[in-house]
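The values are calculated or read from the model by the stated rules, or taken from the named source; none is laboratory data. This is a predicted model, so every value here is computed, not measured. Methodologically, a virtual Cβ is constructed for each residue, glycine included, from the backbone with ideal geometry; neighbour enumeration extends over all protein chains shown. For the accessible areas, the whole protein counts, side chains as well, though only heavy atoms, and no ligand, DNA or RNA atoms are used. Shrake-Rupley method; radii C 1.70, N 1.55, O 1.52, S 1.80 Å.
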Amino acid sequence: QLQLVESGGGLVQPGGSLRLSCVASGFTKDYRAIGWFRQAPGKEREGVSCISSGGGSTVYADSVKGRFTVSRDNAKYTVYLQMNSLKPEDTGVYYCAESRIYYCSGLTSREYNYWGQGTQVTVSS
């Protein structure tokens, strides 16, 4: 089935930027909505953003609005998460996941079928 691989994480100072990538491989019949989630130690998994199958609609958590931008290039089977003005509270493991449907209905984990292994983002001075 579908495999998702995240990359682009690392250590960055507060106020800095990172761009995460999520590349899909394996068999898939069509493009579906892709979500980004993150999880910090001792905390619940948190929905960050979602982008619809064609990229025309996006959803952001209130905590990242104005700082993060999600985009996709379907020809490259890749979804991006540009993260600017990073804060220490943005630290966590970031996961991408494919939705069951073509649009972003929300940012709850149960709406997504396939998950990557995650990439660590650490924001610290």
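Here are some notes:
- Taken together, the residues in the range 88-117 that are surrounded by 14 or more Cβ atoms within 10 Å (Cβ to Cβ) and part of a strand (DSSP E or B) amount to 11.
- L11 satisfies every condition listed in (1) within 22 Å of S125 (Cα to Cα); (2) assigned to a loop (DSSP other than H, G, I, E, B); (3) touching a strand residue (DSSP E or B) at 6+ places or on another chain (Cβ under 9 Å) except (2).
- Conditions (1) open to solvent by less than 60 Å² (accessible area, probe 1.4 Å); (2) among the small types (G, A, S); (3) farther than 12 Å from Y80 by Cα: number failed by G66: (1)
- Within the range 68-91, residues that are without any contact (Cβ under 8 Å) to a residue 24 or more places away in the chain sit with their Cβ atoms under 6 Å from residues that are among the hydroxyl-bearing types (S, T, Y) and open to solvent by 10 Å² or more (accessible area, probe 1.4 Å), at 6+ positions apart or across chains, in these pairs: S71/Y80.
- Restricting attention to the range 11-26, the residues that are in contact with a Phe, Trp or Tyr (Cβ under 8 Å, 6 or more places away or on another chain) and surrounded by 11 or more Cβ atoms within 10 Å (Cβ to Cβ) total 6.
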